[in-house]
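I'd like to ask you about the structure that follows.
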Amino acid sequence: MTWSDEELVSRSIGGDADSFNQLVLRWERPIYALAYRVIGREEDARDVCQETFLRAFRALGGFRGQAKFSSWLYRIALNLCRDWVRRQRRTPVVPLPEDVDVIELAASREPTEPIEDLVARRDLTRVVEKAMARLPEEQRTAIILKEYHGLTFQEIADLVGCPLSTVKTRLYQGLTVLRRDLEQSGR
Amino acid sequence: MMTETLCNYPDRDEYLVAYLYDDIDSAEQTAFGSHLSGCRHCQQDLLALRGVRSALSTWAPPEPVFSNGESRVASPASRVPSPEARAASREQRAASREQRAASWWREMPAWAQVAAALFVLGVSATIANLDVRYDRSGLTIRTGWSQPRPAAQAPASATPWRAELTALESELRSEMKASQAAAAAASAPAAQTVMSDADFRRRVRALLDESEKKQQNELALRLVQFQTDISAQRQADLRTINQNLGFIQRDTYGELLKQREGMNYLLKVSQKQ
């Protein structure tokens with residue numbers, strides 16, 4: 001039987017540790033992905049992810065179900081990411097991967113995907129990473145939450161604490177900047 | 001960022017992005033869809049942004065490996081580790097011990113490492129009883145086992161490098177002991193539990209902060225000391241200047257008196273005449 005987030009939260013508050021473990025299993029990858037895309041550093045993203053669940057566990061008793069559990073979790077993670085960015089006092093830099101190793105790619109590619117396509121895809125990923133890193137934090141966060149986590153505009157607005165129209169404007173502006181960057185890099 | 005005035009649809013950017021993500025109510029979607037069919041600029045913009053979304057879909061984060069050595073977060077609700085986790089923890093502790101044992105070697109300065117390498121070479125040469133000569137016949141290397149040792153030969157003259165090697169060895173040993181002692185003192189106290197990556201980073205940051213504070217305090221103390229010295233020197237210089245001025249004043253006054261006496265004498269003489 002698959003429990004909903006809210007049911008697992010209730011059971012966790014009631015003392016069932018395994019229920020919280022289920023929540024962790026369910027949300028660790030999305031939270032890590034969010035942290036990685038916002039911060040741009042693998043190791044720090046892991047730390048943020050771990051800290052997110054630690055804080056969630058400690059504050060679980062105060063979760064009243066006013067919002068979705070996932071939104072609550074995202075808020076904790078985003079706050080931690082914001083703290084990290086402020087602590088660093090610089091724009092997060094996405095570490096670029098090493099030059100493409102064709103042998104490594106050959107080992108990982110899909111059976112039907114030609115090497116040239118794989119190289120092009122890896123190259124594009126690098127360009128996207130760089131372009132995202134250059135965006136202002138608000139625009140990057142809006143794009144990440146919408147594009148990769150499927151939140152609605154209203155959920156994003158509630159999460160980051162800004163009006164609905166602001167979220168849409170940030171998204172449009174961020175995508176337009178990315179479009180320009182991609183066009184300049186020949187994509 | 002200003003949108004080019006090529007389209008006068010109200011809040012055009014917001015509707016475009018809502019339409020792009022299909023996060024729009026049906027009435028607005030119908031209205032904007034109608035607009036799109038007649039607006040080339042919005043059509044091109046929408047197409048371009050769809051291309052951007054396609055590019056964004058290629059960006060995926062790397063596979064995470066968390067501090068528990070697994071690709072999943074260590075849940076804070078897990079109090080009793082599984083047998084697999086305990087085994088992994090034991091391996092991690094062993095690896096950590098090996099790493100700490102080897103770390104003192106990496107912390108040694110480069111010159112000490114070079115000296116250690118030379119020492120090993122020298123010891124090997126001694127063991128092999130190498131006889132290295134460079135003379136008119138060129139460079140000759142012989143192992144000592146191939147010829148009988150000359151008796152009663154002064155060791156210092158035949159192998160002058162032995163004394164140097166012995167000195168180097170004792171210096172190296174003392175340096176290695178000092179490095180080991182420093183590494184042992186700097187390492188965590190005999191903790192039985194493995195320090196996680198996050199805890200280690202926090203500890204390193206705490207040590208760095210402490211070190212920075214100490215340096216700042218020392219700098220402040222030195223600045224205060226410097227200021228005190230400057231002030232004292234200034235006072236001394238002022239006293240000297242005052243003293244010298246006093247001398248000058250005294251001398252000047254003396255000269256004035258002499259000149260006045262001379263003038264008075266001349267006046268008296270001239271009056272008598």
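Which numbered condition trips up A:LEU182, out of (1) without any contact (Cβ under 8 Å) to a residue 12 or more places away in the chain; (2) facing chain B (nearest Cβ under 8 Å)?
(1)
OK, next. Being buried (at least 22 other Cβ atoms within 10 Å of the Cβ) and either modelled with pLDDT under 90 or away from chain B (no Cβ under 14 Å) (or both) narrows it down to one residue among A:TYR32, A:TYR74; which is it?
Working: A:TYR32 fails: either modelled with pLDDT under 90 or away from chain B (no Cβ under 14 Å) (or both).
After ruling out the rest, the residue left standing is A:TYR74.
So, one more: Provide a single number: the residues in segment A:40-71 that are in a helix (DSSP H, G or I) and either surrounded by fewer than 23 Cβ atoms within 10 Å (Cβ to Cβ) or touching a Lys or Arg at 6+ places or on another chain (Cβ under 8 Å) (or both).
Final tally of qualifying residues: 17.
Right, another one. Restricting the search to segment A:129-187, which residues are in a loop (DSSP other than H, G, I, E, B) and either closer than 20 Å to B:ALA60 by Cβ or charged (D, E, K, R) (or both)?
Within segment A:129-187, the first condition is being in a loop (DSSP other than H, G, I, E, B), and the residues that meet it are A:135-136, A:148-152, A:161-163, A:185-187.
Passing the criteria: A:LEU135, A:TYR148, A:HIS149, A:GLY150, A:LEU151, A:SER185, A:ARG187.
For segment A:39-75, give me each residue that is under 16 Å from the mean Cα position of the chain (by Cα), small (Gly, Ala, Ser) and under 13 Å from A:VAL24 (Cβ atoms).
A:SER70
Give the residues of segment A:136-176 that are surrounded by fewer than 18 Cβ atoms within 10 Å (Cβ to Cβ), within 9 Å of chain B (Cβ to nearest Cβ) and β-branched (Val, Ile, Thr), sorted by residue number.
A:THR152
What are the residues in segment B:46-61 that are facing chain A (nearest Cβ under 7 Å) and not in a helix (DSSP H, G or I), if any?
Once the filter is applied, which keeps residues that are facing chain A (nearest Cβ under 7 Å) and not in a helix (DSSP H, G or I), segment B:46-61 yields B:THR58, B:TRP59, B:PRO61.
Follow-up. Take B:LEU219 and tell me if it is surrounded by 10 or more Cβ atoms within 10 Å (Cβ to Cβ) and within 30 Å of A:ARG87 (Cα to Cα). Full working, then the answer.
Working: surrounded by 10 or more Cβ atoms within 10 Å (Cβ to Cβ): yes; within 30 Å of A:ARG87 (Cα to Cα): yes.
So B:LEU219 passes the test.
Sticking with this one: Any chance segment B:107-114 includes a residue that's modelled with pLDDT under 70, surrounded by 11 or more Cβ atoms within 10 Å (Cβ to Cβ) and not in a strand (DSSP E or B)?
yes
When segment B:17-41 is examined, which residues are found to be touching a residue at least 24 places away in the same chain (Cβ under 8 Å), part of a helix (DSSP H, G or I) and touching a Cys at 6+ places or on another chain (Cβ under 6 Å)?
To start, the set of residues in segment B:17-41 that are touching a residue at least 24 places away in the same chain (Cβ under 8 Å) comprises B:17, B:19-20, B:35, B:39, B:41.
If we keep only those that are part of a helix (DSSP H, G or I) too, we end up with B:17, B:19-20, B:35, B:41.
Selection gives B:HIS41 alone.
Can you name every residue in segment A:37-54 that is at the interface with chain B (Cβ under 9 Å from one of its Cβ atoms) and within 14 Å of A:ASP83 (Cα to Cα)?
Within segment A:37-54, A:ALA45, A:ASP47, A:CYS49, A:GLU51, A:THR52 qualify.
Scan segment B:191-207 and tell me whether some residue there is among the acidic types (Asp, Glu), modelled with pLDDT of 85 or more and either over 30 Å from B:PHE119 (Cα atoms) or in contact with a helix residue (DSSP H, G or I) (Cβ under 7 Å, 6 or more places away or on another chain) (or both).
Scanning segment B:191-207 turns up at least one residue that is among the acidic types (Asp, Glu), modelled with pLDDT of 85 or more and either over 30 Å from B:PHE119 (Cα atoms) or in contact with a helix residue (DSSP H, G or I) (Cβ under 7 Å, 6 or more places away or on another chain) (or both).
Look at segment A:134-159 and say how many of its residues are within 13 Å of A:VAL38 (Cα to Cα), over 15 Å from the mean Cα position of the chain (by Cα) and at pLDDT 95 or above.
0
Let me ask you something else. Look through segment A:118-135, keep the residues that are at the interface with chain B (Cβ under 10 Å from one of its Cβ atoms) and aliphatic (A, V, I, L, M), and return whichever of them is farthest from A:CYS162 (Cα to Cα). Walk me through it before giving the result.
We begin by selecting, within segment A:118-135, every residue at the interface with chain B (Cβ under 10 Å from one of its Cβ atoms); these are A:120-129, A:131-132.
Okay, now just the ones that are also aliphatic (A, V, I, L, M), so A:120, A:124, A:127-128, A:131-132.
Numbers: A:ALA120: 38, A:LEU124: 32, A:VAL127: 29, A:VAL128: 26, A:ALA131: 24, A:MET132: 21 Å.
Ranking the candidates gives A:ALA120 first.
The values are calculated or read from the model by the stated rules, or taken from the named source; none is laboratory data. Just so we're clear, the structure is a prediction, and the values are computed from it rather than from any experiment. Here Cβ is always computed from backbone atoms with ideal geometry, including for glycine, and neighbour counts include all displayed protein chains.
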